[in-house]
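Since the structure comes first, as structure tokens, the remarks are kept for the end.
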Amino acid sequence: MSNLYHEDIYKFDKPVKSYWETTCNTNNNYNKLEKNIQTNIVVIGGGYTGISCALSLAKNFNEDVVLIEAGHIGWGSSARNAGFCCIYPAKMSVATMFKKFGKEETKKFFKNTIEGSYFTKNLIDEYKINCDLTGDSNYEVAPHPSYFESIKEESLIYKKEFGIETKVYSKEEFNEIGHTGEEQFGALSYKPGFAINPLKFLLGLAEEAKKSGVQIYQKSKVTKIEKKLEKFNVIANDHIITSNKIVMATNGFYKDDLFPDLNNTILPVISNIIITRPLTNEEVKSHNFVTYNPILNFRNLLFYYRLLKDNRFLFGARGDLIGSEQSSKIKSKKMEEQMKKVFPNWKNVEIDFHWRGLVAVTTKFAPSIGKLDDEIYYSFGYQANGVNTAPWSGNELAKLIVSNSKKLNISKLYQGLPKKFPFPFLRLLYLRIALLYYSFIDK
Ligand SMILES: Cc1cc2nc3c(=O)[nH]c(=O)nc-3n(C[C@H](O)[C@H](O)[C@H](O)COP(=O)(O)OP(=O)(O)OC[C@H]3O[C@@H](n4cnc5c(N)ncnc54)[C@H](O)[C@@H]3O)c2cc1C
């Protein structure tokens, strides 16, 4: 199939120059697939979903597992996201969820997403992964006085319906405990919530998977899968892995090329990050930026930001619609302007890093975990909420693979495939229309 985006974004052999790459040693000794092998389960994709699933299969269920990754281990979105562990992995309001799925199912969904945050935190603690964890809650900031009421409402619903610990701050209060600047008209906080260095977390998890017996192959893109006599032949680098089961953990980088049932179920959306040089103490003080908690601006076309340990400032937003290196540069410049509008005292601060990656949006607007008719399992579509959701989902998928049951005991919102996009070649047009609509509302 032809790509939705420019080929630049799919250069699996080219490391992405993110800030995270400068914070740890990314040299590793994982092999390329250079011989034919046999296993019980092949996991395709070496992000949080794939690695967590493989780790759980090997460690908790003593399964024979091979994990195969197109780039190097540390290439995908799990290695280059903003590191916000926040809720919730769906692009719809609580009111819509209540209406569509009922109260009980929605409550279960929130119970599961909170479990997701604790699951990520527990992995970090259990395996002592040093991934620069900061913060003890998440903030959502009202970008305009008219949003403050919605923030108060959200806080109330979180508390009353789902038992989540929340707190509301007026603009003046948030000036003291968060930051000053434009587009800050009060905020809410909720727990649990924190931020991590996503690459360090991923590499730590991969090491644990390896220690538990997962055979990891990198720089080996799966190009074809054939079924022969109840076995799968998974082909990469002209070699074959023969297996009984397959796990698809390719999320936004799936190119509609391996399984007809999965094709055209994902709208990959570019997410973009810029990072400043380290701010001086005076610059930090000039906006009274006193928190290391992750912060989300409550717009429809939201942006998110946080202060890093070395006083660099991370600012993220939706990316462009083209996907080339050039379009990414242009988008990053626009984001710089946007950031400096919100934090005008930093107008002379240089940007040291910019990069992007793909997140997966689906027609379901919620994650999809499940099994196709064959022994093919999938988990994707976290609606840009993978730090919370992908490790937990990988673990749930492992339980599904080893059980005889076809269902997991998790909220229905997570289960089953989304509908395919109608006229899938128009996916970017749908996105363009949605973006125009939201930017109109935001104005
Ligand atoms: C810029 C950016 C910022 C983000 N910020 C946040 C955030 O702050 N908080 C949050 O919760 N989420 C965030 N996200 C989303 C989050 O990163 C993802 O939801 C999560 O990483 C998905 O994990 P995954 O393992 O499913 O997919 P990925 O980490 O993308 O892994 C999929 C892997 O599959 C591999 N693959 C694809 N095709 C093949 C093939 N044919 N053969 C072999 N391998 C293949 C890819 O190379 C890739 O490494 C962000 C994403 C981006 C891009």
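The values are calculated or read from the model by the stated rules, or taken from the named source; none is laboratory data. In this text the structure is predicted, and so the values were computed from the model without any measurement. For neighbour counting, all protein chains shown are included, and Cβ atoms are generated from backbone atoms with ideal geometry for every residue, glycine included. Only protein heavy atoms, including side chains, enter the accessible area calculation; ligands, DNA and RNA are left aside. Shrake-Rupley method; radii C 1.70, N 1.55, O 1.52, S 1.80 Å.
Figures for the structure shown
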item: Strands (runs of 3 or more DSSP E) within the range 146-231 that include 1 or more residues surrounded by 20 or more Cβ atoms within 10 Å (Cβ to Cβ) and polar (S, T, N, Q); result: 165-169, 187-191, 215-217
item: Options Ile124, Ile73, Ile87: the member that is near the ligand (Cβ under 9 Å from one of its atoms) and modelled with pLDDT of 95 or more; result: Ile73
item: Counted residues, the range 352-368 - those being open to solvent by less than 10 Å² (accessible area, probe 1.4 Å), aliphatic (A, V, I, L, M) and either within 9 Å of the ligand (Cβ to nearest atom) or part of a strand (DSSP E or B) (or both); result: 2
item: Residue count, the range 298-307 (criterion: more than 19 Å from Asn388 (Cβ to Cβ) and either without any contact (Cβ under 8 Å) to a residue 60 or more places away in the chain or out of contact with any Leu (no Cβ under 8 Å at 6 or more places or on another chain) (or both)); result: 3
item: Residue among Ser328, Ser324 that alone is buried (at least 19 other Cβ atoms within 10 Å of the Cβ) and not aliphatic (A, V, I, L, M); result: Ser328
item: Qualifying position, being open to solvent by 20 Å² or more (accessible area, probe 1.4 Å), within 30 Å of Glu230 (Cβ to Cβ), in contact (Cβ under 8 Å) with a residue 60 or more places away in the chain and not in a loop (DSSP other than H, G, I, E, B), among Lys59, Lys108, Lys35, Lys121; result: Lys59
item: Cross-chain or 6+ apart pairs with Cβ under 7 Å, the range 268-297 first and free of Cβ contacts under 8 Å to residues at least 40 places away in the same chain, then open to solvent by 10 Å² or more (accessible area, probe 1.4 Å); result: Pro278/Asp310; Pro278/Asn311; Pro278/Arg312; Val284/Asn311
item: Residues that are out of contact with any helix residue (DSSP H, G or I) (no Cβ under 6 Å at 6 or more places or on another chain), within 15 Å of the ligand (Cβ to nearest atom) and not in a strand (DSSP E or B), drawn from the range 40-56; result: Gly45, Gly46, Gly50
item: Enumeration of residues in the range 237-279 that are of a type in the set (D, E, K, R) and either open to solvent by less than 10 Å² (accessible area, probe 1.4 Å) or in a loop (DSSP other than H, G, I, E, B) (or both); result: Asp238, Lys255, Asp256, Asp257, Asp261, Arg277
